[in-house]
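Visitor: Have a look at the structure that comes next, please.
The values are calculated or read from the model by the stated rules, or taken from the named source; none is laboratory data. All of these numbers come straight from a predicted model, not from anything done at the bench. So basically every Cβ, Gly included, is an ideal-geometry build from the backbone, and we count neighbours across all protein chains shown. Please note that ligands, DNA and RNA were not included when accessible areas were found on the heavy atoms of the full protein model with its side chains. Shrake-Rupley method; radii C 1.70, N 1.55, O 1.52, S 1.80 Å.
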Amino acid sequence: MKAGLVVDGGYIYEAEKHLTVLKTSFFFANDGFTVYDCKGQLVFRVDSYGPNPRDKAEVVLMDAHGRCLLTVRKKRPSLHNRWEGFLGERSEGQKPVFSVKRSSIIGRCGMTVEVFNNPGEEYQIEGSFGQRSCTFFNAAKESVAEIKRKVDASTNVVLGKDVFLLSLKPGFDGAFAMGLVLVLDQIYGYDYVVNYEPDMRPTAED
């Protein structure tokens with residue numbers, strides 16, 4: 001698979017990588033995420049969206065030590081609920097490295113990701129973020145990452161939607177993928193919070 005946008009080369013893996021994403025709050029301030037690898041080591045964190053999370057137009061992705069990796073920001077004005085990504089901590093006048101635009105598919109997670117300064121590099125995100133079931137495709141229609149429900153290995157039970165897996169194909173930057181997760185949560189997350197019902201149905205692990 002051809003390498004895509006690199007936010008931080010330290011999060012590109014030679015083998016398929018599965019990260020556990022934990023949403024830390026649904027209803028109060030300090031909404032955010034913590035992301036762990038299979039050994040339980042902290043990989044990424046998002047500490048807070050602020051006192052009114054759904055009005056927050058800028059979200060920062062940090063590494064385990066608090067270093068800013070990526071800033072995603074809602075573009076205003078925008079007819080298509082467009083978000084833009086900036087390397088590091090965004091500064092005034094800084095140019096974005098990618099943009100994300102919501103499609104017109106009602107009730108589904110359909111999005112187009114455009115990468116700047118790299119002609120031909122584009123991604124599609126298909127599925128339902130509310131159900132934690134999305135696939136990221138590159139321009140060649142190859143799957144580069146997936147969001148899916150997490151199954152407890154000891155009980156074979158599907159965990160609640162506040163915990164899910166971000167699976168990365170070899171060569172796809174995990175920091176870039178997590179930045180796209182933040183955009184998905186900003187666009188689709190509110191409907192999920194309002195309609196949240198824990199799902200504890202037993203299922204076989206894939």
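Visitor: Looking for something modelled with pLDDT of 95 or more, open to solvent by less than 40 Å² (accessible area, probe 1.4 Å) and not acidic (Asp, Glu) - is there at least one such residue anywhere in the stretch 36-47?
Guide: yes
Visitor: Identify, from the list Val100, Val115, the residue that is at pLDDT 90 or above, under 14 Å from the mean Cα position of the chain (by Cα) and either surrounded by 15 or more Cβ atoms within 10 Å (Cβ to Cβ) or small (Gly, Ala, Ser) (or both). Break it down into steps so the answer makes sense when it comes.
Guide: Details: Val115 fails: under 14 Å from the mean Cα position of the chain (by Cα).
Matching residue, one of Val100, Val115: Val100.
Visitor: Which residues, taken from the stretch 139-171, are of a type outside the set (Asp, Glu), open to solvent by 20 Å² or more (accessible area, probe 1.4 Å) and modelled with pLDDT of 90 or more?
Guide: The answer is Ala139, Ala140, Lys141, Ser143, Lys148, Arg149, Lys150, Val163, Leu165, Lys169, Pro170, Gly171.
Residue by residue, here is whether (1) within 22 Å of Arg73 (Cα to Cα); (2) touching a helix residue (DSSP H, G or I) at 6+ places or on another chain (Cβ under 6 Å) holds:
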| residue | (1), (2) |
| --- | --- |
| Gly110 | yes, no |
| Val113 | yes, no |
| Gly127 | no, no |
| Glu146 | no, no |
| Asp173 | yes, yes |
| Leu180 | yes, no |
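Visitor: I'd like the residue in the stretch 1-32 that is of a type in the set (Gly, Ala, Ser) and either out of contact with any strand residue (DSSP E or B) (no Cβ under 9 Å at 6 or more places or on another chain) or assigned to a loop (DSSP other than H, G, I, E, B) (or both) and, out of all such residues, is modelled with the lowest pLDDT.
Guide: Taking the stretch 1-32 first, the residues of a type in the set (Gly, Ala, Ser) are 3-4, 9-10, 15, 25, 29, 32.
When the remaining residues are screened for being either out of contact with any strand residue (DSSP E or B) (no Cβ under 9 Å at 6 or more places or on another chain) or assigned to a loop (DSSP other than H, G, I, E, B) (or both), the result is 3-4, 9, 15, 25, 29, 32.
Details: Ala3: 62, Gly4: 77, Gly9: 90, Ala15: 95, Ser25: 66, Ala29: 45, Gly32: 86.
So, considering only residues that are of a type in the set (Gly, Ala, Ser) and either out of contact with any strand residue (DSSP E or B) (no Cβ under 9 Å at 6 or more places or on another chain) or assigned to a loop (DSSP other than H, G, I, E, B) (or both), the one modelled with the lowest pLDDT is Ala29.
Visitor: Search the stretch 82-93 for residues that are closer than 21 Å to Leu184 by Cβ and pair each with any residue that is part of a loop (DSSP other than H, G, I, E, B) and of a type in the set (Asp, Glu) when their beta-carbon atoms are under 9 Å apart and the residues are at least 6 apart or on different chains.
Guide: Leu87/Asp8
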